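Quick notes on the structure that follows.
The values are calculated or read from the model by the stated rules, or taken from the named source; none is laboratory data. Keep in mind the model is a prediction, meaning the values are calculated, not measured. No Cβ is skipped: glycine too gets one built from the backbone with ideal geometry, and neighbour counts run over all protein chains shown.
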Amino acid sequence: MNDILPDETPHWRRLEQVVCRLLNSYGYGEIRLPLVEHTELFKRSIGEVTDIVEKEMYSFDDRNGESLTLRPEGTAGCVRAAIQQGLLTVPQRLWYAGPMFRYERPQKGRQRQFHQIGVEALGVASVEMDAELILLCARLWRRLGLAGSVELQINSIGSSAARRAYRAALVEYLSAHRAALDEDSQRRLDSNPLRILDSKNPDTQALLDAAPVLADYLDAEARDDFDRLRELLTAAGVAFVVNPRLVRGLDYYNKTVFEFVTERLGAQGTVCAGGRYDNLVEQLGGKSTPAVGFAMGMERLVLLMLETGAAGDAAPAQADVYAVAVGEDAHREALAAVEAVRDSLPGLAIVQHTGGGSFKSQLKRADKSGASVALIWGEDEVRAQSVTVKFLRDGAGQGDKTGQRSVPRDQLEATLRAAFAD
């Protein structure tokens with residue numbers, strides 16, 4: 001679980017702001033969800049035989065003996081909230097952001113506390129809704145400068161009945177080659193065989209070349225929907241690759257699944273993934289409600305922005321003005337004056353020195369802060385009801401761009417307004 005430091009947070013903030021504006025423009029409303037849910041919620045939604053539930057969740061008993069879990073993903077909690085709060089009387093477009101928790105082997109772009117932005121459209125069954133979410137993602141990549149760095153992969157995993165039939169055929173095929181499977185795939189063969197399709201082991205992938213194909217088991221409705229999705233994406237100019245082995249790792253998905261992947265981040269190449277989950281609301285106790293959504297990994301997106309240069313020159317916040325004072329009376333005058341400046345010029349970032357020290361040491365701090373202007377109070381300034389304005393950088397101020405001058409206290413706001421006018 002990593003700290004995100006001040007030299008990194010500007011990139012996170014930019015990502016959050018771009019996503020928030022985009023989702024608002026598509027009519028999605030933000031929902032804020034608890035970090036902790038009852039463990040049973042994830043067992044019922046994700047599936048008890050998935051790696052997440054079996055090995056990766058942070059679960060504990062509270063003082064009442066109830067089993068609680070730090071959320072490993074956001075969809076289950078969002079659906080739970082929509083049911084519990086009575087939101088499903090009309091279609092809902094919702095989004096959320098925040099930390100998720102899984103006990104995984106930490107790697108670049110994958111920590112045990114990680115952050116996601118999730119988007120859920122509840123109550124709309126049409127393929128057009130699937131297409132809208134994918135188009136929304138494509139627009140986001142363009143706004144972030146990542147359009148050429150990600151590839152869209154899509155698939156259809158059909159209905160529950162289709163997957164059961166395919167699962168039986170896949171297990172039959174792989175059981176005959178069990179000895180050739182890697183250890184992880186052998187374990188999954190008995191618990192969650194469709195996840196073997198995601199194996200990164202090259203020998204297992206070679207074995208899958210002759211395996212049954214899920215597309216052969218789709219019902220007519222799923223085939224028609226998938227054809228329609230490809231038609232809509234093509235008409236919108238969104239390039240895609242059909243990946244017949246894309247199944248997603250959560251039990252609640254059906255029909256459309258998709259991922260945006262990149263080759264720029266090594267093994268952790270999926271930056272955004274989602275799909276349709278028409279049975280989850282009913283599975284969690286609500287009325288039958290179609291739904292589709294996706295989640296994007298913020299760590300991976302920030303890494304990709306930095307890797308590709310799309311992050312730009314975002315820098316940690318720094319001061320515009322640094323206030324220096326020596327002596328009790330000077331500190332009192334400086335504090336009151338700086339607060340007045342904050343009132344009249346709320347856009348300025350002002351640091352008030354509060355650690356004591358000589359003028360020389362405080363001015364060193366002022367220069368190190370990156371401020372363009374230092375405001376100086378001492379005994380002379382207190383007596384004269386003035387302030388010394390010292391320009392620390394070339395280009396600060398109007399007229400005299402460098403050096404310093406004494407300014408009457410009642411002209412300080414006007415002096416600073418002029419100094420930062422351009």
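In the same structural domain as PRO72 (by TED's automatic domain parsing), among the β-branched types (Val, Ile, Thr) and either out of contact with any Ser or Thr (no Cβ under 9 Å at 6 or more places or on another chain) or farther than 30 Å from ASP225 by Cβ (or both): is that true of THR354 in this structure? Even if it seems obvious, please write down each step before you answer.
Values: in the same structural domain as PRO72 (by TED's automatic domain parsing): no; among the β-branched types (Val, Ile, Thr): yes; either out of contact with any Ser or Thr (no Cβ under 9 Å at 6 or more places or on another chain) or farther than 30 Å from ASP225 by Cβ (or both): yes.
Judged against the criteria, THR354 is not a match.
Looking across ARG105, ARG21, one residue alone is at pLDDT 95 or above and basic (Lys, Arg). It is ARG21. Checked against the criterion of being in contact with a Gly (Cβ under 7 Å, 6 or more places away or on another chain), under 13 Å from GLN153 (Cβ atoms), of a type in the set (Lys, Arg) and touching a residue at least 40 places away in the same chain (Cβ under 8 Å), the stretch 235-248 has at least one qualifying residue.
Tell me the helices (runs of 4 or more DSSP H) entirely within the stretch 280-371 that contain at least 3 residues that are surrounded by 18 or more Cβ atoms within 10 Å (Cβ to Cβ).
Values: elements: 280-283, 298-308, 328-344, 359-368.
It comes to 298-308, 328-344, 359-368.
Of the residues in the stretch 237-257, at least one is surrounded by fewer than 16 Cβ atoms within 10 Å (Cβ to Cβ), more than 27 Å from GLY109 (Cβ to Cβ) and not aromatic (Phe, Trp, Tyr).
Looking at the stretch 195-216, which of its residues are modelled with pLDDT under 85, of a type outside the set (S, T, N, Q) and surrounded by 15 or more Cβ atoms within 10 Å (Cβ to Cβ)? Quick ask: steps written out before the conclusion?
Going residue by residue through the stretch 195-216, those that are modelled with pLDDT under 85 are 195, 198-200.
Within this subset, residues satisfying the condition of being of a type outside the set (S, T, N, Q) are 195, 198, 200.
Answer for the stretch 195-216, where residues must be modelled with pLDDT under 85, of a type outside the set (S, T, N, Q) and surrounded by 15 or more Cβ atoms within 10 Å (Cβ to Cβ): ARG195, ASP198.
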